[in-house]
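Computed from the coordinates by the stated procedures, all read-outs in this text should not be read as laboratory data. What you see is a predicted model; the values in this text were computed from it and never measured. Using ideal geometry, Cβ is built from the backbone for each residue, glycine included, and neighbour counts are taken over all protein chains shown.
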Amino acid sequence: MRIKKLIALTLTAALMTVTIGCSKAETGSNTGGGKETKSNLIGVAMPTQSLQRWNQDGANMKSELEGKGYNVDLQYANNDVNTQVQQIENMITKGCNVLVIASIDGSALTDVLSKAADNKIKVIAYDRLIMQSENVDYYATFDNFKVGVNQGQYIEEKLDLKNGKGPFNIELFAGAPDDNNATFFFEGAMSILKPYIDSGKLVVPSGQTKFTEVATQSWDSAKAQARMDNIITANYASDKKLDAILSSNDSVAIGVVASLQNAGYGSADKPYPILTGQDCDKPNVLAMINKQQSMSVFKDTRTLAKKVVEMVNALIDGKEAEVNDTKTYNNGAKVVPSYLCDPVNVTVDNYKEALIDSGYYKEADLK
């Protein structure tokens, strides 16, 4: 009897060991604060690799998430809406628990986000607000209206408009009409510049002042260059001075710089106008160093990536994510709770401190 009891106890202990072992194998844990491996797949959908900033955004997001122990499915859609929809559908099929989406067309994801909601997948809109969908849980971005305000205030200060100087000639370049952020950038800038346009202190010789007239499809440098070529030919052929150009971002600004170069700007008799930008792309930082571009609004994607990872952690833990804006960003279906990071102006005077000393670029990157 004793032998039978001993055998029974031994078998029971062995079974308990196997059960515990199976449980651990099935559940698992990673290095990210105890997240379970079966529920740590995060989908990150980026619009394109053709712009430097989205490459950096994607790389920063992947690095930050993997550093917390998550598996990451990072996809770029080459600015093709259908491709992005298919990529998100695949992420849903794979069982992603959170989707981080920088949309190409903020109004084209309604159906696929309904599928995400059906699968209880949380959605964070990344730096571009996803429109016309109830199924956007959070929005993480920079204060986009403030970006435009910064650009407008820079022009205001450099032309000394507050002290009544003028009139000055200015041209306006906005971003992609299907990118909701482009409207915020433009409206922020125009909140500063429009009163001066109305009073005659700023004059727009092309007459193009509405967003629909100055928008740049896909933020495309070549399209910006072509439009600037036409503006110069039609309005500045007789040596009329061009004092300032509002450009909402760097890819647009670099197209404007190319047009100005071709038109002979850059001499003592024909200096470059004040030119704004955004993102601090490498070619644009070099343009600032070469006095072709005046400033760029810096949105440190490392800051944004870290904030989004905090949001992901909260959602995986079943908690609400931290936000600092619950009123501004209405996507047409709901006001999306948002976290806004602060942008910073960068010029030739502070680019080393802001970009190199902070580790964003190496000095060799800007040669």
How many angstrom lie between the Cα centre of region 265-322 and the Cα centre of region 148-206?
19 Å
Magnitude of the Cβ-charge dipole of region 144-299, K/R +1 and D/E -1, about the Cα centre, nearest 20 debye?
300 debye
Which whole-number percent gives the relative contact order of region 274-367, counting Cα pairs below 8 Å spaced six or more residues apart?
29 percent
How high is the relative contact order of region 144-299, given as a whole-number percent (alpha carbon pairs under 8 Å, six or more residues apart)?
25 percent
If you stretched the chain out fully between Lys352 and Lys240, how much longer would it get, using 0.36 nm times the residue separation minus the C-alpha to C-alpha distance?
36.8 nm
Enclosed volume per residue, in Å³, of the convex hull spanned by Cα atoms of the chain:
157 Å³
For region 282-367, please report how many Lys pairs fall under 18 Å Cα to Cα, leaving out neighbours fewer than 8 apart on the same chain.
14
Taking only the alpha-carbon atoms of region 62-192, what semi-axes of the equivalent ellipsoid follow from 5 times the gyration tensor eigenvalues under a square root, in whole Å, largest first?
38, 15, 12
Given backbone amide H placed at 1.01 Å from N, residues whose amide H is under 5 Å from that of Ile130, ignoring those fewer than 5 places away on the same chain, are none
Enumerate the whole-percent occupancy of each 5 Å bin, from 0 to the last occupied one, for all C-alpha pair distances of region 144-299.
2, 10, 21, 25, 23, 14, 4, 0
Roughly what would the spin-label model give for Val335 and Asn55, points 7 Å off Cα along C-beta, in nm?
4.0 nm
With charges set only on the Cβ (+1 for Lys and Arg, -1 for Asp and Glu), what does the dipole of the chain come to about its Cα centre, in debye to the nearest 20?
1120 debye
Reach of Lys158 by Cα under 16 Å, taken over aspartates and glutamates that are not fewer than 8 positions away in the same chain:
Glu171, Asp243, Asp349
When the charge dipole of the chain is computed with +1 at the Cβ of Lys and Arg and -1 at the Cβ of Asp and Glu, the Cα pointing farthest to the positive end, of Tyr139, Val348, Val81, is that of Tyr139
Pop a pseudo-label 7 angstrom from the Cα along the beta-carbon direction at both Thr209 and Val344 and give the gap in nm to one decimal.
3.5 nm
For the chain, what does the helix formula give at 222 nm: sum of -39500 (n - 2.57) over DSSP H segments with n ≥ 4, over the residue count, nearest 500 deg cm²/dmol?
-13500 deg cm²/dmol
Can you spot the lysines whose alpha carbon is less than 18 Å from Lys94's alpha carbon? Ignore those fewer than 8 places along the same chain.
Lys35, Lys38, Lys62, Lys115, Lys120, Lys122
Normalised by the residues of the chain, what does the relative contact order come to in percent, with Cα pairs under 8 Å and at least six apart?
15 percent
Give me the one-decimal nm value for the distance between modelled label points at Asn78 and Ser107, 7 Å along each residue's Cα-to-Cβ direction.
2.6 nm
